[in-house]
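The values are calculated or read from the model by the stated rules, or taken from the named source; none is laboratory data. Just so it is clear, the structure is predicted and the values come from calculations on it, not from any experiment. Neighbour counts run over all protein chains shown; Cβ positions are idealised from the backbone, glycine included. Note: areas computed on protein heavy atoms with side chains; ligands, DNA, RNA excluded. Shrake-Rupley method; radii C 1.70, N 1.55, O 1.52, S 1.80 Å.
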2 protein chains.
Amino acid sequence: MSILPGFGLTDKPGILETTLVLVTCRWHRCSDTINYMEREKPSLEELFSPRGVAVVGASPLEGGSFATGVVQSLKEAGFSAIYPVNPKYSEVSGLPCYPSLRAIPGVVDHVVVGIPAESVLALLDDCTAKGVKSVHLFTAGFSESGYRERAELESAILNKARVGGFRIIGPNCVGLFVPKNHLVTTMGMSLEPGAIAFISQSGGHAQNLPFFTGPRGLRFSKVVSYGNTLDVDESELLQYFSQDPETKIIAAYIEGVKNGRRFLGALKEAAAQKPVVICKGGTTEAGKRAAHGHTASLTSSVAVFNALCRQLKTIQVDDMEELIDVLVALCFVTPLPRGTGVAVVGTGGGPSVLASDEMEKAGLQLPCFSTEIQAELKQFLPIAGAIFSNPVDATTLLSPKAIFATMRVVSKVPDIHMLIYHLGFYPVSRWGARQLYSTNFLQPVVDALVQVQQETGKPVLLALRPPPDLRGMKDFLAAQGAFVTARFPVFYSLRQAAKAMARVVAWNQA
Amino acid sequence: MSILPGFGLTDKPGILETTLVLVTCRWHRCSDTINYMEREKPSLEELFSPRGVAVVGASPLEGGSFATGVVQSLKEAGFSAIYPVNPKYSEVSGLPCYPSLRAIPGVVDHVVVGIPAESVLALLDDCTAKGVKSVHLFTAGFSESGYRERAELESAILNKARVGGFRIIGPNCVGLFVPKNHLVTTMGMSLEPGAIAFISQSGGHAQNLPFFTGPRGLRFSKVVSYGNTLDVDESELLQYFSQDPETKIIAAYIEGVKNGRRFLGALKEAAAQKPVVICKGGTTEAGKRAAHGHTASLTSSVAVFNALCRQLKTIQVDDMEELIDVLVALCFVTPLPRGTGVAVVGTGGGPSVLASDEMEKAGLQLPCFSTEIQAELKQFLPIAGAIFSNPVDATTLLSPKAIFATMRVVSKVPDIHMLIYHLGFYPVSRWGARQLYSTNFLQPVVDALVQVQQETGKPVLLALRPPPDLRGMKDFLAAQGAFVTARFPVFYSLRQAAKAMARVVAWNQA
């Protein structure tokens, strides 16, 4: 029996029948059976471009709070209509502070809520009166707390939202980040818009992903932290982003899904349109328990979730580090390689040996160069201490000219589909007086690699190892900046590059 | 049939017989059959405390070289008797430069050689005349190059060393690092002596390990990069360090072993005395090929090597990152936990969920806290947005007092053997005005954790996530410094902490 035609997940009998049950895994709320008069719900598109934002719970107190941080972030981002709300204060971060939502003179489309759970219901009446379109509940302590009365409070909130005609994001999340519209809740992000949409059941991951990946060049169309999925959920978001013209890649961190059937349809639609990269939290017993405590998610069967992802040709990753690496690969490896053959060029024998092991373990191939190719390399590379068979270990740091020559020779090998150059950041004085990482040295390397990519048509990847000290980090960040500006994918180790490329090549071939 | 009584590697018949053949895997040199009059060989102990060091091939040229870097490193380290040798110059780095070894007025025990392979034999005659004890050949391009005449040159070098009564380190290596005696070849290392000996067939790893681990508090008794193992090899080094009173932990990066039977004996002796942590390079086909090109090693059967390591109770790791983490655990986790039960405390729901998954996947256990324990925690932790079941996610950054109280409560759980506190380094302004990472905040946290460890007798581990920006890195390094000064193990992710602890606990239980 197939209840989902076209989704023959595995050959294992019986698994199809259990799919929906296992994927549908949210803690059921009382609201699921309540009937009420619903107003028409605003679309997600409206949520992402609010004309005015109220921030309830902001304060000028030393020590800060989430709401205060939101006011500061919006101000720094240049958002024009910010309305702090707190009856105790008349000013927050240099802006007039209002005693209530109703007291705000301008239009308020979006409300960020950072007050205790007990006070939320009363606030929602004001939201209805003010005609807002969306409420982001940073406030936590609802169904995820495990208390029945808190789950009931969630239901009452949803009821008010439906009657009031506004949407709820969260509760228990950090809400929206829309660079184009200067809509942020956290500082430290680049406001340059990009092609990645990230939907995250975790607020921490939603904040960390843009922050940690900024220097590697990742830019976002929209980031949505959706927490307990009381209203806006992963399925609606997937559907939206599969159609959003600003979004070319969808990334997701998911603990549990709210409605298995809808999720299946939404994921199918999204994966047919765009690359979808998914990190699933709660794949072990301890992880499942944590996920339930975190967002009240009853995580689905891992086997079923994995089978779905495979079936629908999404790219599933093990952790957020790998999610970042895969996004870097999807954004900057051009063209995406059609095979797993890799040529590795760099400095360091031991690192080259371990890199070879790691590449092969990850599923890439390092074809051995023929004696003819090796002879060509020996014409311009020093023989002493070098390795020529792939990886190429040039012992001392190569000149831009030698890098170009090496890359051009090895790129001729037919089963080489991509080229990796690796570089460690060590004390400048390690080899005497040479200024290894000065811009004078690095920019010609960047230019050489640009030329390699143009001439050979094979993508060039960078593996740069971050140093452990501040001085080295300064050099490292400058080098990373130069490579990222030239639109190269930068990975922080050969192992990470290998793992990400193995995933992306497998997806590209499927 | 057992050719090695006491080394029943596995139950698999036949594997014992093949062990020696597979483990003995060096490229045979002509010298192996040459007879000559040998002088008595200096002991390794003599090698580590030279009275004078000559550096052949140093130059004052812009651009530098390995030999020039050695002169600068020795000078910076305060080594007293440094003799640059180069007939072209009269001064290098502010020191008198000599035209030949023989022209040096003082005693020379150790010679660092950075001249081309063709010139080495003539130099060795001078070494004999000068009565040196050891020659470190940085020079590469010998047997690892694959040319027969170069392998023969190696044999001739060994011959001269035996007749001249001095030892050879290398060729194709970066030689000795003995902090206590100010003997270094590379800058950027801490000269504070420590308890770890590291023997490495790779010069890159020998330089990187002390450099990258300095900020995490690892300190070394001696580091030996031994390259092509022409004379001093891994077995002799293992034997030496198993008896060296300054060495409490032995770490090794090995591509191939020179003599299987000797290695077996040496490893057995070492592992019976001290923890031995081994990273094996060349475990895949590509890695084996690279290892052969790197140090002329014919890597042994991985299965046999792994079986040996298991049998002899060494700690085998997959890569250098893991080797570092295991060393941090061995040095700073006190007491070593007797079980795999871990309590995780920190901030961030999503990170906590993934951490739980990663802990369990690595082989640690996160026992679920009882409702009584959870109730105790709820007395002083905020309920909203928190997780109490293990991991404990406190949503907002905990005060030192709350960290102490939390740790004390969870450490009472009998099957908790270690406590992990995790902290990410994000923009200071993320949560408003709070200065998250100021010394004012961090030192009380350090003090609280010291007290937890003292009162509960359970080890506390730190997982600190390095940030991607320079400002964050400054905060991060200061925090790491504070924790390391208080002798805490610092890991850079929960995943890395989990992997290392799983290895160390398994070893400790064996």
Test: residue in the range B:252-262 that is at pLDDT 95 or above, away from chain A (no Cβ under 14 Å) and open to solvent by 10 Å² or more (accessible area, probe 1.4 Å)
no
Residue B:434 vs. criteria modelled with pLDDT under 90, open to solvent by 30 Å² or more (accessible area, probe 1.4 Å) and within 30 Å of the chain's Cα centre (by Cα):
no
Expected output for the range B:207-232 (first residue within 14 Å of another protein chain (Cβ to nearest Cβ) and over 19 Å from residue B:180 (Cβ atoms), partner of a type in the set (A, V, I, L, M) and part of a helix (DSSP H, G or I), Cβ below 8 Å, 6+ apart or cross-chain) is B:208/B:320; B:212/B:324; B:215/B:477; B:215/B:484; B:216/B:324; B:216/B:328; B:216/B:484; B:226/B:237
Options B:90, B:80: the member that is open to solvent by 60 Å² or more (accessible area, probe 1.4 Å), at negative phi, touching a Cys at 6+ places or on another chain (Cβ under 9 Å) and modelled with pLDDT of 90 or more
B:90
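Listed here are the residues, each with its yes/no results for (1) assigned to a helix (DSSP H, G or I); (2) within 14 Å of another protein chain (Cβ to nearest Cβ); (3) over 29 Å from the mean Cα position of the chain (by Cα); (4) of a type outside the set (Gly, Ala, Ser).
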position: B:158; (1), (2), (3), (4): yes, no, no, yes
position: B:168; (1), (2), (3), (4): no, no, no, yes
position: B:177; (1), (2), (3), (4): no, yes, no, yes
position: B:186; (1), (2), (3), (4): no, yes, no, yes
position: B:196; (1), (2), (3), (4): no, no, no, yes
Mind checking which residues of the range B:412-422 are away from chain A (no Cβ under 12 Å), in contact with a strand residue (DSSP E or B) (Cβ under 9 Å, 6 or more places away or on another chain) and open to solvent by 10 Å² or more (accessible area, probe 1.4 Å)?
B:413, B:414, B:415, B:417
State yes or no: is residue A:242 farther than 17 Å from residue A:280 by Cα and not in a loop (DSSP other than H, G, I, E, B)?
yes
Go through (1) among the basic types (Lys, Arg); (2) part of a loop (DSSP other than H, G, I, E, B); (3) surrounded by 18 or more Cβ atoms within 10 Å (Cβ to Cβ) for residue B:268 and report which single condition fails.
(2)
Which members of the range A:359-372 meet the condition of being among the hydroxyl-bearing types (Ser, Thr, Tyr) and either facing chain B (nearest Cβ under 10 Å) or not in a loop (DSSP other than H, G, I, E, B) (or both)?
A:371
Considering each of A:488, A:476, A:483 in turn, give the residue that is within 26 Å of the chain's Cα centre (by Cα), buried (at least 18 other Cβ atoms within 10 Å of the Cβ), in a loop (DSSP other than H, G, I, E, B) and of a type in the set (Phe, Trp, Tyr).
A:488
So which residues in the range A:142-183 are of a type in the set (Val, Ile, Thr), closer than 12 Å to residue A:223 by Cα and either open to solvent by 10 Å² or more (accessible area, probe 1.4 Å) or in contact with a Leu (Cβ under 6 Å, 6 or more places away or on another chain) (or both), if there are any at all?
A:174
Suppose the filter is modelled with pLDDT under 90, out of contact with any Pro (no Cβ under 8 Å at 6 or more places or on another chain), within 14 Å of another protein chain (Cβ to nearest Cβ) and buried (at least 18 other Cβ atoms within 10 Å of the Cβ); does residue B:493 pass it?
no
Which listed residue is facing another protein chain (nearest Cβ under 9 Å) and closer than 30 Å to residue B:65 by Cα, from A:343, A:394, A:375, A:386
A:386
Evaluate the range A:453-460: report whether one residue or more is at positive phi and modelled with pLDDT of 85 or more.
yes
Kindly establish whether residue A:308 is touching a residue at least 40 places away in the same chain (Cβ under 8 Å) and touching a strand residue (DSSP E or B) at 6+ places or on another chain (Cβ under 8 Å).
no
Just for the range A:310-358: of the residues that are assigned to a helix (DSSP H, G or I) and small (Gly, Ala, Ser), which one is modelled with the lowest pLDDT?
A:349
If residue B:103 satisfies every condition in (1) more than 14 Å from chain A (Cβ to nearest Cβ); (2) hydrophobic (A, V, I, L, M, F, W, C); (3) closer than 19 Å to residue B:179 by Cα but one, which is the exception?
(3)
Any residue that is buried (at least 20 other Cβ atoms within 10 Å of the Cβ) and acidic (Asp, Glu) - is there at least one of those in the range B:112-121?
no
Leading residue by the ranking (most open to solvent (accessible area, probe 1.4 Å)) among those in the range B:294-304 that are within 13 Å of chain A (Cβ to nearest Cβ) and part of a helix (DSSP H, G or I):
B:302
On the basis of being crowded, with 21+ Cβ neighbours inside 10 Å, within 19 Å of residue A:287 (Cα to Cα) and at the interface with chain A (Cβ under 8 Å from one of its Cβ atoms), does residue B:353 make the cut?
yes
Looking at the range B:264-293, I want the residues that are within 14 Å of chain A (Cβ to nearest Cβ) and have a partner that is aromatic (Phe, Trp, Tyr) and open to solvent by less than 20 Å² (accessible area, probe 1.4 Å) with Cβ atoms under 7 Å, at least 6 apart or on another chain. Which pairs are those?
B:279/B:253; B:280/B:305; B:281/B:253; B:293/A:388
Suppose the filter is at negative phi, within 12 Å of chain A (Cβ to nearest Cβ), out of contact with any Gly (no Cβ under 9 Å at 6 or more places or on another chain) and not β-branched (Val, Ile, Thr); does residue B:399 pass it?
yes
Of the residues that sit in the range A:131-156 and are under 20 Å from residue B:389 (Cβ atoms) and basic (Lys, Arg), which one is nearest to the other protein chains (Cβ to nearest Cβ)?
A:150
Output yes when any residue across the range B:275-292 is modelled with pLDDT of 90 or more and open to solvent by 10 Å² or more (accessible area, probe 1.4 Å), and no when none is.
yes
For residue A:128, the lone unmet condition from (1) within 19 Å of residue A:161 (Cβ to Cβ); (2) within 14 Å of chain B (Cβ to nearest Cβ); (3) over 33 Å from the mean Cα position of the chain (by Cα) is (2)
Residue match in the range A:238-248 (condition: within 14 Å of another protein chain (Cβ to nearest Cβ), of a type outside the set (A, V, I, L, M), more than 26 Å from residue A:137 (Cα to Cα) and without any contact (Cβ under 8 Å) to a residue 24 or more places away in the chain):
no
